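Taking it in order: structure first as structure tokens, then the write-up.
Nothing in this text is a laboratory measurement; each read-out follows from the coordinates by a stated rule. On a predicted model such as this, the values are computed, not experimentally measured, just so you know. In this analysis, Cβ positions are derived from the backbone assuming ideal geometry, glycine residues included, and neighbour counts consider all displayed protein chains.
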2 protein chains.
Amino acid sequence: MVVKKHYTEVNADKVNMAGASNTTIRWLINEKTGAKNYALRLFEVSENGHTPEHSHNWEHEVFVLDGNGILVTEDGDFTLKKGDFSYIPPMVMHQFQNTGKEVFKFLCIVPIKND
Amino acid sequence: MVVKKHYTEVNADKVNMAGASNTTIRWLINEKTGAKNYALRLFEVSENGHTPEHSHNWEHEVFVLDGNGILVTEDGDFTLKKGDFSYIPPMVMHQFQNTGKEVFKFLCIVPIKND
């Protein structure tokens, strides 16, 4: 079935992973929605917040909705603002940091593991 | 390598598919970026425009950035505004129509076919 919602209808869960700070995640589309191949998540990083600095064996596809941040990676650092997008290949160290006062809000698409 | 751009740095190509009207597509992330599993595209549908009414054997994951539209499907019709998202399963007939005066702008993620 087709699913349609507003993102605010999906719970914002605190990201408790070690190294994360002031960050929530909303799983907009995942296996529970019926998706089999990739999941759509919305992150909100508050002032002074950041995601963990880490790497993993899957890619990220990112699109910035609001706010200002920096993407720190082993390939260099990239400022991020509304309308920016980024592709982060598997196994590349990366971290998202809010550099402003507003909430830094971005979409991040990841593969769904089918194993 | 990590890729970071603003969406306006990517060409907006007219969607010439039969049944499409006043619609452009920007392929933000795809095989050329290094992605192997799913592609991120940005559609802009101008006033009175629409995408084709069609179905196909792959899913859509959609997030609305701006404007107002309607998603017409065989599962029913859904109004779409900024912050709405939708999952459209494979083989479901669907069409996006702009119902406003502003550009109706949305992200649409599709699988990359690896065959």
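Quick look at the numbers
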read-out	value
Region B:47-115: trypsin sites (Lys or Arg not before Pro) in DSSP coil with no more than 13 other Cβ atoms inside 10 Å	B:K101, B:K113
Karplus 3J(HN,Hα) series, Hz, for region B:20-27 with 6.51 cos²θ - 1.76 cosθ + 1.60 (x for Gly, Pro)	8, 8, 6, 10, 10, 10, 10, 8
Cα-projected label distance for A:S46 with A:T8, points at 7 Å along beta-carbon direction, nm	1.7
Those trypsin sites (Lys or Arg not before Pro) in region B:1-72 that DSSP places in a loop and that have at most 15 other beta carbons within 10 Å	B:K36
Amide proton proximity set for A:M93, modelled H, under 5 Å, gap of 5+	A:E74
Tensor-based shape of region B:6-115 (alpha-carbon gyration tensor, a/c under 1.5 rounded, otherwise prolate or oblate)	oblate
Sequence-distant residues sharing a close amide H with A:A35 (under 5 Å, placed H)	A:N30
Proximal lysines relative to B:K32, as straight alpha-carbon distance under 18 Å, when same-chain residues fewer than 8 apart are discounted	B:K4, B:K5, B:K113
Across the identical copies, how the B:V92 labels are spaced - nm, sorted shortest first, 7 Å along Cα→Cβ	3.3
Sum of side-chain charges, B:D84 neighbourhood, beta-carbon under 10 Å (Lys, Arg +1; Asp, Glu -1)	+3
Other copies of B:E47: label-to-label distances in nm, shortest first, labels 7 Å along the beta-carbon direction	4.1
By average C-beta atoms within 10 angstrom, highest first, the peptides A:87-93, B:66-72	B:66-72, A:87-93
Neighbour net charge for B:M93 - beta-carbon separation under 12 angstrom, K R +1, D E -1	-4
Shape category assigned to region B:8-57 from the gyration tensor of Cα positions, a/c cut at 1.5	oblate
Relative contact order (percent, whole number), chain B, Cα cutoff 8 Å, 6+ residue spacing	29
Rounded, prolate or oblate (a/c below 1.5 giving rounded, otherwise prolate when a/b exceeds b/c) for the protein assembly as shown by Cα gyration tensor	prolate
Under Karplus coefficients 6.51, -1.76 and 1.60, residue-wise ³J(HN,Hα) of region B:67-82 in Hz, glycine/proline x	x, 9, x, 9, 9, 9, 9, 6, 8, x, 9, 9, 6, 10, 9, 3
Cα-based reach from B:K81 at 13 Å (exclusive), listing aspartates and glutamates while leaving out same-chain residues under 8 positions away	B:D66, B:E102
Region B:57-98 versus region A:23-94: alpha-carbon centroid distance in Å	23
Only Lys, Arg (+1) and Asp, Glu (-1) charged, at Cβ; the protein assembly as shown dipole about Cα centre in debye	140
Assigned charges on the beta-carbon of Lys, Arg, Asp, Glu; chain A dipole about Cα centre (debye)	520
